[in-house]
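Quick notes on the structure that follows.
What follows draws every value from the coordinates through simple rules; no lab data is involved. All of these numbers come straight from a predicted model, not from anything done at the bench. For neighbour counting, all protein chains shown are included, and Cβ atoms are generated from backbone atoms with ideal geometry for every residue, glycine included.
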Amino acid sequence: MVVTARQPETLVTSAQFANMFGADDRVELWRGIVVEMSPVNHLHSRIAFRLNARLSMFVIEHGLGEVWPADTGYTIEVGPDTVVAPDLAFAPQAYAKTVTKMSRGFPFFIPPLVVEVKSPNDSEREIAEKLALYLAAGVGEIWWVRPMEETLTRHWLDRSPRTLGRDDLLDAIEALPGFSMEVRDVFPPE
């Protein structure tokens, strides 16, 4: 996840951040500080793809909005600003329509559902920091997928986390009523 943080003399705003980097740069803005992200490995990509495919098909079939893949940035905090690009985020229909008309910048948006996949170099401290950012911003539900353990942990602001294993059912998602899948389907076949 995090490689290094560039400590500026003054904090960077979301608008400034939008003009600082190109599409190929893997960076986020955490409370005004630019944070460089490492590339992900193939297992990480495969898991994110599988989740994106399942969630996107459900969201499209039910006309619920859009599932934004990795590298889609949006602002979740202002003053100091935080711009994140999770592995996946769900955007309800009304919001997805307004935001797609923007050509530049990172609009303010608190997603009801965010998905992150742990990379081998992600430390527990970094995961806790990013989870805290999401929860403090008011993200409705965060899924943290751990490929090596083959688990998916669901986090909410108002209740204790719940970790699901390969044999569990992922369901009862408030943002996506009716969606369910076996956790084993998140991971590539053995």
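Rounded to the nearest 0.05, what FRET efficiency do Glu182 and Glu61 have when you use their Cβ-Cβ distance and R0 = 30 Å? Please list the in-between numbers first.
Working: r = 18 Å, r/R0 = 0.61.
The computed FRET efficiency comes out at 0.95.
Geometric descriptor of the chain, per residue, is 117 Å³ (volume of the convex hull of the Cα atoms). Diffusion coefficient of the stretch 103-159 by Stokes-Einstein, Kirkwood radius over Cα pairs, 10 °C, 1.306 mPa s: 129 µm²/s. Proximity of backbone amide H atoms, modeled 1.01 Å from N, is registered between Phe108 and Thr75 at under 5 Å, excluding neighbours fewer than 5 places apart on the same chain.
The mean sequence separation of alpha-carbon pairs under 8 Å and at least six residues apart, normalised by the residue count of the chain, gives a relative contact order of 18 percent. Evaluated with a Cβ-only charge set (Lys, Arg +1; Asp, Glu -1), the chain carries a dipole of roughly 280 debye about its Cα centre, given to the nearest 20. Amide hydrogen proximity for Leu88: with H placed 1.01 Å from N in the peptide plane, the residues at 5 or more positions away or on another chain lying under 5 Å are Val115.
The label point for Ala94 and the one for Ser123, both projected 7 Å from the Cα toward the Cβ, are 4.2 nm apart. Both radii are taken from the alpha-carbon atoms of the stretch 132-188; with Rh as the Kirkwood radius, Rg/Rh is 0.97. To the nearest ten degrees, helix 42-61 and the longest principal axis of the Cα atoms of the chain are 80 degrees apart. From most to least packed by mean Cβ count within 10 Å, the peptides 110-116, 25-31 give 110-116, 25-31.
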